[in-house]
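Structure first, commentary second.
The values are calculated or read from the model by the stated rules, or taken from the named source; none is laboratory data. Fair warning: this is a prediction, and the values are worked out from it, not measured in the lab. With ideal geometry, Cβ positions are generated from the backbone for all residues, glycine too; neighbour counts draw on all protein chains shown. Remember, those area values only see protein heavy atoms, side chains included, never the ligands or the DNA or RNA. Shrake-Rupley method; radii C 1.70, N 1.55, O 1.52, S 1.80 Å.
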Amino acid sequence: MTVGILLVGGFGTRLLPLTNKTPKPMLPIANLPVTEHQLLAAKAAGITKVVLATAYLAETFTPYFGDGSKWGIELKYALETEPLGTGGAIRNAAELILSEISQDEPIVVFNGDVLSRHDLGAQIKLHQSSSAAVTLHLVNVEDARPYGCVPFDENGRVTDFLEKMENPITDSINAGCYVFSPQVIKEIALGKVVSVEREVFPQLLKSGKVVQAFVDNSYWLDMGTPKALLTGSQDYVGSREFIVGENSKISASAKIGGASAIGNNVTIEENVEIRSSIIRDGVTIAQGCKLENVFVEADTRVPEKTQASGAYLADGEIIPLKF
Ligand code: GDD
Ligand code: MG
């Protein structure tokens, strides 16, 4: 058995106003919450027990995911009354599983805002064969500055962990999926604010523990900005012009394309044009609207002939997004 912890408690500040009512991991990528894509990937790698480490807007997860049985996963919820940081969140969530697992059972931790098609099964195997304290999934990126910069040696041993450095010394970065040996998590202070990136990983390295690099450059995206969210959704819609949920009505004269995702109970009236956008559930788009790269909030009525590009639309509001 392998168990998982999903870190879903961050504020999602860079995604405001999209994260005003919806926590980042519940935002839709091709009509499914980011967390659901992650649960599917976890299940595919043999993970059958998962804890969601919640803090901000914690109450929004349970109604959707319930006990996880729909996904064949036993799902539990850990709650931080104040966000404990990534390390504190992992420690707090582990309380719900540590007593049920053996010493050598790996615990897989996912940043809750990452879409990844890397070979998680191979990452877990590498962790076991290298007897590491923790095994980090790494990817190579063009600009490493917004990430954790992670150099490693010829044996794949991580030599340093440098969170968000101005002049990155390598283009290999922390992709936000870790396989931990349970003992390492037990040693994190319980109930304290701790960062894995700034405290736990650097301390492990300082004390000479094995931190192993698992490099896999398959599809990977941190969807933490509006542009990345729209890109991620388009990537998952793929080569289709658009996808549409249940009970939605689209006028025959509407033109929809650019890998848009239209949710459930949406009405799209005559002569509407939509490209590369996310339209949430319960939205009505009145006739003659032209929308591109927009995110339309749930239950919004977009008045007729609205034109918008690169924007967040909610009732009576059009807010430009940073692109
Ligand atoms: N439960 C809980 N509590 N979750 C948290 C907390 C907290 O206090 N703080 C952050 N998280 C969750 C976020 O919701 C997110 O899913 C994840 O932890 C990472 O936080 P981000 O705020 O998205 O961090 P980042 O994108 O700047 O950097 C992280 O991810 C990069 C890869 O995408 C770091 O891990 C970097 O090293 C890494 O390169
Ligand atoms: Mg992030």
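Taken as a whole, segment 192-203 holds at least one residue that is touching a residue at least 40 places away in the same chain (Cβ under 8 Å), over 19 Å from the mean Cα position of the chain (by Cα), within 24 Å of D113 (Cα to Cα) and open to solvent by 80 Å² or more (accessible area, probe 1.4 Å). Taken over segment 162-183, the criterion of being open to solvent by less than 10 Å² (accessible area, probe 1.4 Å) and within 16 Å of ligand 2 (Cβ to nearest atom) is satisfied by I173, A175, G176, C177, Y178. Counting only strands (runs of 3 or more DSSP E) wholly contained in segment 184-289, the ones carrying 1 or more residues that are within 16 Å of ligand 2 (Cβ to nearest atom) and more than 17 Å from G310 (Cα to Cα) occupy 220-222. Among the residues making up segment 98-114, a single one is under 18 Å from V194 (Cβ atoms), more than 17 Å from the chain's Cα centre (by Cα) and surrounded by fewer than 24 Cβ atoms within 10 Å (Cβ to Cβ): L98. Taking residues in segment 236-249 that are on the phi > 0 side of the Ramachandran plot, and partners anywhere that are open to solvent by 50 Å² or more (accessible area, probe 1.4 Å) and modelled with pLDDT of 95 or more, the pairs with Cβ atoms closer than 8 Å and at least 6 places apart or on different chains are N247/N264; N247/N265. Among the residues of segment 246-255, is any within 25 Å of the chain's Cα centre (by Cα), under 22 Å from L18 (Cβ atoms) and of a type outside the set (F, W, Y)? Looking for residues that are within 25 Å of the chain's Cα centre (by Cα), under 22 Å from L18 (Cβ atoms) and of a type outside the set (F, W, Y), one finds none in segment 246-255, hence no.
Kindly evaluate A41 against the criterion of being in a helix (DSSP H, G or I), within 16 Å of ligand 1 (Cβ to nearest atom) and open to solvent by less than 20 Å² (accessible area, probe 1.4 Å). When the stated conditions are applied, A41 does not pass them. Given the conditions (1) in contact with a strand residue (DSSP E or B) (Cβ under 9 Å, 6 or more places away or on another chain); (2) farther than 26 Å from P23 by Cβ, report the number of the one that H137 does not fulfil. Of everything listed in (1) in contact with a strand residue (DSSP E or B) (Cβ under 9 Å, 6 or more places away or on another chain); (2) farther than 26 Å from P23 by Cβ, H137 misses just condition (2). Restricting attention to segment 23-37, does a residue exist that is assigned to a loop (DSSP other than H, G, I, E, B), out of contact with any Leu (no Cβ under 7 Å at 6 or more places or on another chain) and not small (G, A, S)? Yes. When each of A55, A89 is tested for being at pLDDT below 95, of a type outside the set (K, R) and within 16 Å of ligand 2 (Cβ to nearest atom), the lone residue that passes is A55. Look at (1) more than 16 Å from ligand 2 (Cβ to nearest atom); (2) within 17 Å of the chain's Cα centre (by Cα); (3) among the hydrophobic types (A, V, I, L, M, F, W, C); (4) surrounded by 18 or more Cβ atoms within 10 Å (Cβ to Cβ) and you find that V8 fails only one, number (1). Would you confirm, using the coordinates I've provided, whether S195 is within 11 Å of ligand 1 (Cβ to nearest atom) and assigned by TED's automatic domain parsing to the domain that holds Q128? Against the criterion (within 11 Å of ligand 1 (Cβ to nearest atom) and assigned by TED's automatic domain parsing to the domain that holds Q128), S195 qualifies. Taking the listed residues E142, E163, the one that is at pLDDT 95 or above, touching a Lys or Arg at 6+ places or on another chain (Cβ under 6 Å) and under 23 Å from S116 (Cα atoms) is E163, with no other qualifying.
One residue stands out in segment 63-81 among those that are within 16 Å of ligand 1 (Cβ to nearest atom) and in a strand (DSSP E or B): the one that is surrounded by the most Cβ atoms within 10 Å (Cβ to Cβ), namely A78. Exactly one residue among S102, S131 is part of a loop (DSSP other than H, G, I, E, B), on the phi > 0 side of the Ramachandran plot and away from ligand 1 (no atom under 12 Å from the Cβ), and that residue is S131.
Considering only segment 153-172, I want to know if a residue exists there that is among the basic types (K, R), out of contact with any Gly (no Cβ under 8 Å at 6 or more places or on another chain), away from ligand 1 (no atom under 14 Å from the Cβ) and in a helix (DSSP H, G or I). Looking through segment 153-172, none of the residues is among the basic types (K, R), out of contact with any Gly (no Cβ under 8 Å at 6 or more places or on another chain), away from ligand 1 (no atom under 14 Å from the Cβ) and in a helix (DSSP H, G or I).
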